[in-house]
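K.L.:
Before anything else, here's the structure in question.
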């Protein structure tokens, strides 16, 4: 549904994106991860058609974003980190205005449906400037949804929200992703949101894609990093270092971290069970993210 090929973007002498390529299939919910300045927002703005690329192509539903922008905009809803709202308008008037701009045939019906989807019915008469940030984020989602797009591109939709508001928006996005086989591309710094909502992850670092995989494989590290805790740690370190495929083994009290080139989980568990194995855990998404973007193993 989203196809990005060889995307490059320069701002003068600064290279923001370098040969970025990935695909998001129909019905997928994909998390887009990266540090500040990594190129997430630039990529999403190009996909949404609000920024031109220096080279490369972006397609949505088979349509080239640069060559057929109107067809792309008809099937794509975009919510940037700061919602594009007119704060002196009421919620209902603003969403209605967004529906008109997007050429919706039944403006009133579409407005009512969008407000209901994001839980804004009760505040539709209120001035946007008087809303909390959580509700403003909902308004941004409503304008992105008002033309019932098949694809949603959401850039940091929970940025700056308190924990309760984060949960509300996270649950809302989860519900939207389940409706109508909708495709969602979501960027966030909160890894628990990615784990709760997304089925696949793309990680960008310094303008380049450094990883893209289904969540289970990426978060599990394919067993190449294993953490264990045992009841009787004495002597286990030497045993682990002799396990076939193990590159490094480190001990911190009753806890051990083991790395290798292949899936070590079965071998490490077998070697540790007689030492009173309490827990075994593969590489977490957080570990993977930090390792790929900083080079540090935690």
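K.L.:
Take residue 148 and decide whether it is surrounded by fewer than 20 Cβ atoms within 10 Å (Cβ to Cβ), assigned by TED's automatic domain parsing to the domain that holds residue 31 and either more than 24 Å from residue 63 (Cβ to Cβ) or in contact with a helix residue (DSSP H, G or I) (Cβ under 6 Å, 6 or more places away or on another chain) (or both). Explain how you work it out, then say what you get.
P.N.:
Details: surrounded by fewer than 20 Cβ atoms within 10 Å (Cβ to Cβ): yes; assigned by TED's automatic domain parsing to the domain that holds residue 31: yes; either more than 24 Å from residue 63 (Cβ to Cβ) or in contact with a helix residue (DSSP H, G or I) (Cβ under 6 Å, 6 or more places away or on another chain) (or both): no.
The answer is no for residue 148.
K.L.:
Residues of region 94-119 being within 25 Å of the chain's Cα centre (by Cα) and outside any helix (DSSP H, G or I), which ones?
P.N.:
Listed by number, the residues that qualify are 118, 119.
K.L.:
On the basis of being farther than 21 Å from residue 98 by Cα and either assigned to a helix (DSSP H, G or I) or in the same structural domain as residue 209 (by TED's automatic domain parsing) (or both), does residue 52 make the cut?
P.N.:
Numbers: farther than 21 Å from residue 98 by Cα: yes; either assigned to a helix (DSSP H, G or I) or in the same structural domain as residue 209 (by TED's automatic domain parsing) (or both): yes.
Here the answer is yes, as residue 52 does meet what is asked.
K.L.:
Here is a further query. If you scan region 64-81, which residues turn out to be touching a residue at least 24 places away in the same chain (Cβ under 8 Å) and either in a loop (DSSP other than H, G, I, E, B) or outside the structural domain of residue 144 (by TED's automatic domain parsing) (or both)?
P.N.:
Scanning region 64-81 gives 80, 81.
K.L.:
So which residues in region 170-203 are surrounded by fewer than 20 Cβ atoms within 10 Å (Cβ to Cβ) and assigned to a loop (DSSP other than H, G, I, E, B)?
P.N.:
The answer is 189, 190, 199.
K.L.:
Spot the failing condition for residue 143; the list is (1) over 17 Å from the mean Cα position of the chain (by Cα); (2) surrounded by fewer than 23 Cβ atoms within 10 Å (Cβ to Cβ), and only one is missed.
P.N.:
(2)
K.L.:
Tell me which residues, restricted to region 151-169, are surrounded by 22 or more Cβ atoms within 10 Å (Cβ to Cβ), in a loop (DSSP other than H, G, I, E, B) and touching a strand residue (DSSP E or B) at 6+ places or on another chain (Cβ under 9 Å).
P.N.:
Passing the criteria: only 157.
K.L.:
Only residues that are buried (at least 17 other Cβ atoms within 10 Å of the Cβ), in contact with a strand residue (DSSP E or B) (Cβ under 8 Å, 6 or more places away or on another chain) and not in a helix (DSSP H, G or I): list them for region 259-296, please.
P.N.:
259, 260, 264, 277, 280, 282, 283
K.L.:
Name the residue, out of 21, 41, that is assigned to a helix (DSSP H, G or I), within 20 Å of the chain's Cα centre (by Cα), touching a residue at least 40 places away in the same chain (Cβ under 8 Å) and in the same structural domain as residue 206 (by TED's automatic domain parsing).
P.N.:
Details: 21 fails: assigned to a helix (DSSP H, G or I).
41 is the lone residue from the list that is assigned to a helix (DSSP H, G or I), within 20 Å of the chain's Cα centre (by Cα), touching a residue at least 40 places away in the same chain (Cβ under 8 Å) and in the same structural domain as residue 206 (by TED's automatic domain parsing).
K.L.:
Another question, then. Looking at residue 125 and the list (1) exposed (fewer than 14 other Cβ atoms within 10 Å of the Cβ); (2) in contact (Cβ under 8 Å) with a residue 40 or more places away in the chain; (3) touching a strand residue (DSSP E or B) at 6+ places or on another chain (Cβ under 8 Å), which single condition is not satisfied?
P.N.:
For residue 125, the exception is condition (2).
K.L.:
Ok, one more. Tally time: how many residues in region 238-247 are under 16 Å from residue 224 (Cα atoms) and touching a helix residue (DSSP H, G or I) at 6+ places or on another chain (Cβ under 8 Å)?
P.N.:
5
The values are calculated or read from the model by the stated rules, or taken from the named source; none is laboratory data. Being a predicted model, the structure only gives us computed values, none of them experimental. Don't worry about glycine lacking a Cβ; one is built from the backbone with ideal geometry, like all the others, and counts go over all protein chains shown.
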